[in-house]
Amino acid sequence: MTVGFIGLGAMGAPMAERVVKAGFRTFTTFHKRREAADALAALGATVVDSPAEVARLADAIITILPADAELEEVTLGKGSLAEGFSPGKILIDMTTATASTLLEIEGALAPRGVRILDAPVSGGTTGAAAGTLTIMAGGDSALLEECRPLLESMGRVIHVGGVGQGKVVKIVNQMMAAVHLLAIGEAFALGIRSGADPHTLYSVIKESSGYSKMMDLRLPGFLLEGSFKPGFKLDLMKKDVNLALASARGQNVPLLLTSVAGSVFSAASAAGKGSDDFSAAAAFLAGLAGVEIA
Ligand code: NDP
């Protein structure tokens with residue numbers, strides 16, 4: 001199987017590196033910045049001019065792009081994958097986007113014989129580099145088995161249902177991650193204001209009922225150090241929370257905590273933190289009380 005890889009960002013670049021190092025012949029292209037494509041070429045990948053060209057050359061094309069608009073542009077727009085696809089080709093979309101967008105893309109491409117796998121990921125940039133991502137796969141079982149060796153070069157695959165179900169599971173995860181993160185910001189603000197040491201709070205709550213994995217993921221190296229180099233950009237988490245809110249509105253599900261989280265992420269973004277790591281939103285929330293967690 002030859003592979004196309006589109007979207008060499010914070011996640012895509014280390015994921016593509018693992019694919020190339022696993023021995024898959026890989027084709028890629030670039031959008032605005034060429035550096036990541038050149039770095040992949042240095043490992044043996046081939047850089048071509050457009051997504052259409054990638055679709056002509058590769059059997060299975062992976063996309064991991066910011067969100068729905070970019071995914072639509074790369075799959076169906078001018079010079080897109082759609083222009084290069086032929087029957088039997090495979091699109092594996094690993095973007096965190098909405099199920100409805102991917103289903104629309106499937107509606108446009110499936111009649112032309114393109115097979116679609118939904119495969120968003122969790123595990124962050126460290127998981128991407130280590131090949132330990134959780135891959136939430138949605139789609140046909142036989143297609144998943146065909147793609148399993150490729151996917152397993154990047155992480156652990158869990159089959160969660162049909163096309164679109166990967167996106168659903170991923171968005172639920174993002175809602176919980178966003179709320180857990182902000183709970184740390186708010187609770188630590190009160191603790192610190194009341195005289196507690198943030199390192200003590202971390203070590204005690206890690207063994208107590210208030211613990212969440214988010215503490216391990218975003219206290220050391222980020223909140224405890226006051227360092228917010230992404231990682232996962234705050235504006236991408238804002239996007240994910242908004243995807244959840246939009247989807248819930250369509251289905252009459254009230255999202256009380258997620259709505260508040262969305263407002264905090266919007267305010268932090270408006271305060272200039274959109275390109276920082278998303279943990280900056282917890283620092284922003286603590287900052288409303290005049291408390292610094294670091
Ligand atoms: P980045 O912003 O770092 O990377 C996005 C990549 O997409 C860049 O290489 C960018 O190229 C490319 N791109 C953007 N627009 C287009 C376009 N129209 N055509 C072609 N390429 C385009 O994002 P991440 O890698 O952090 O995230 C990617 C996806 O993975 C998102 O959906 C995110 O929610 C999800 N995710 C991210 C995690 C993280 O920890 N970062 C963890 C799990 C999931 P260029 O820069 O040249 O424009």
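The values are calculated or read from the model by the stated rules, or taken from the named source; none is laboratory data. Small disclaimer: the values here were computed from a predicted structure and weren't measured. Cβ sites come from the backbone with ideal geometry, for glycine too, and all protein chains shown count toward neighbours. Ligands, DNA and RNA are excluded from the accessible area calculation, which covers all protein heavy atoms including side chains. Shrake-Rupley method; radii C 1.70, N 1.55, O 1.52, S 1.80 Å.
Annotations
- Shape of segment 3-162 from the C-alpha gyration tensor: rounded (a/c under 1.5, with a ≥ b ≥ c the square roots of its eigenvalues).
- Amide H within-cut-off set for Arg115, under 5 Å, with H built and near neighbours excluded: Gly88, Lys89, Ile90, Leu91
- Rounded to 10°, Cα long-axis angle of helix 165-193 versus longest principal axis of the chain: 20
- Simple label model, 7 Å out from Cα along Cβ direction - Arg33 to Glu225, nm: 1.9
- Three-way shape call for segment 77-137 based on the alpha-carbon gyration tensor, with the a/c threshold at 1.5: prolate
- Hypothetical label at Glu73: residues of segment 229-265 whose amide nitrogen lies under 19 Å (7 Å Cα-Cβ projection): 233-240, 243
- Lysine pairs meeting the criterion (Cα under 14 Å, 8 or more apart or interchain), as found in segment 168-287: 5
- Rounded accessible area per residue of the chain, 1.4 Å, Å²: 45
- Cα extents of the chain along the three principal axes, largest first (Å): 64, 46, 34
- A straight chain from Lys21 to Glu83 at 0.36 nm per residue would run longer than the Cα-Cα distance by 19.5 nm.
- With Cα atoms, 0 to 90° folded angle of helix 234-251 axis to the chain main axis: 80
- With distances taken between every two different alpha-carbon atoms, segment 168-287 has a Kirkwood hydrodynamic radius of 14.5 Å.
- Report note on the peptides 52-61, 277-286, 217-226: ranked by the mean count of other C-beta atoms within 10 Å, highest first, their order is 277-286, 52-61, 217-226.
- Segment Asp216-Thr2, extension gain: residue separation times 0.36 nm, minus the distance between their alpha carbons: 73.3 nm
- In this label model, Asp49 and His199 are separated by 5.8 nm, measuring between points 7 Å along each Cα→Cβ vector.
- Between 0 and 90°, nearest 10: helix 99-109 axis offset from the chain longest Cα axis: 10
- Euclidean distance between Cα centres, segment 79-147 to segment 28-47, Å: 21
- Dipole size of segment 168-287 about its Cα centre, with +1 on Lys/Arg Cβ and -1 on Asp/Glu Cβ: approximately 320 debye, rounded to the nearest 20.
- The dipole here belongs to segment 3-162: it is taken about the Cα centre, uses +1 on the Cβ of Lys and Arg and -1 on the Cβ of Asp and Glu, and is about 380 debye.
- Each of Gln251 and Glu152 was given a label point 7 Å from its Cα along the Cα-to-Cβ line. The distance between the two points is 3.1 nm.
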